[in-house]
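Scroll down for the structure; my scribbles are underneath it.
The values are calculated or read from the model by the stated rules, or taken from the named source; none is laboratory data. All figures in this text were calculated on a predicted structure; none of them were measured in a lab. Every residue, glycine as well, gets a Cβ built from its backbone with ideal geometry; the counts of neighbours run over all protein chains shown. Accessible surface areas use protein heavy atoms only, side chains included; no ligands, DNA or RNA. Shrake-Rupley method; radii C 1.70, N 1.55, O 1.52, S 1.80 Å.
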Amino acid sequence: MNKIEDNKKFMQEAIKLAHSNVEGNNGGPFGAVVVKDGEIIGRGKNKVTSSHDPTAHAEIVAIREAAKNLGAFNLEGCEIFASCEPCPMCLGAIYWARLDKLYYAGTKDDAAKADFDDSFIYKEFCMPKEKRSIPSSQLMRDDAVKVFEDWIKSEKKIPY
C-alpha cells in the first residue's frame, strides 16, 4: 500500500472506533489511533461517561496506550489519526506527546452540531484571567518557585 492508502486505513480505524462507541454507549462519538512505522500502537475511544473521567477523550486514551506500549513519554516518530478535530485539551496533549503529525476527519464545527461545542474554551483562553468564567487566584508563589529551583539543580531530573 502507499502512504495515502495507509492513511485512509488508519482514519477508517479511528472512525470505526468512534462508531462502535456510539453503538456501545461508552462515551462520545470519537475515536483515535496512534501510528508508528505503519503500525497502530495505540487505540482510543472516548470513555468520559463510562470511566467517569472528563479527560478520557479518544486522543488522550490513544496517546496513553501508545506511550505505555512504547515505554516512553515522547512519541516523536508517531502520527495520530482522530475521527474529529481535537478539542483544546487533546490538541495540547498532542503537542506535549510530540507527535509528528495530526490527521482528523470531522471538524470542530461538525462536533458542535452534535452538542460537543468547545468554542467557549477557545474564547476563555483569550480572555484575561480575571474575566474568565472560572475564577483563579495565585497562592504561595515563592514556595512553588523553590520547587522549580530545586528541579533546575537536580541531577536526577529527566528532561522532557
>> Take K131 and tell me if it is in contact with a Cys (Cβ under 9 Å, 6 or more places away or on another chain) and either without any contact (Cβ under 8 Å) to a residue 40 or more places away in the chain or closer than 16 Å to A14 by Cα (or both).
In response: no
> Looking at (1) open to solvent by 40 Å² or more (accessible area, probe 1.4 Å); (2) hydroxyl-bearing (S, T, Y); (3) under 16 Å from the mean Cα position of the chain (by Cα), which is the only condition S83 fails?
Replying inline: (1)
> Here is a list of conditions, (1) farther than 26 Å from I121 by Cα; (2) assigned to a helix (DSSP H, G or I); (3) in contact (Cβ under 8 Å) with a residue 60 or more places away in the chain, and A14 meets all of them except one; can you say which number that is?
Replying inline: (1)
> What residue, among those in the range 27-74 that are closer than 16 Å to K9 by Cβ and either open to solvent by 20 Å² or more (accessible area, probe 1.4 Å) or modelled with pLDDT under 95 (or both), is nearest to the chain's Cα centre (by Cα)?
Replying inline: R43
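If only one of D109, D143, D115 is assigned to a loop (DSSP other than H, G, I, E, B) and of a type in the set (D, E), which one is it?
Numbers: D109 fails: assigned to a loop (DSSP other than H, G, I, E, B); D143 fails: assigned to a loop (DSSP other than H, G, I, E, B).
The match here is D115.
Count, please, the residues in the range 117-160 that happen to be within 30 Å of P29 (Cβ to Cβ), open to solvent by less than 100 Å² (accessible area, probe 1.4 Å) and hydrophobic (A, V, I, L, M, F, W, C). Give the steps one after another, and end with the answer.
Step one: filter the range 117-160 for residues within 30 Å of P29 (Cβ to Cβ), giving 117-127, 132-134.
Subset that is open to solvent by less than 100 Å² (accessible area, probe 1.4 Å): 117-119, 121-122, 124, 127, 132-133.
Filter once more, keeping what is hydrophobic (A, V, I, L, M, F, W, C): 121, 127.
Qualifying residue count, the range 117-160: 2.
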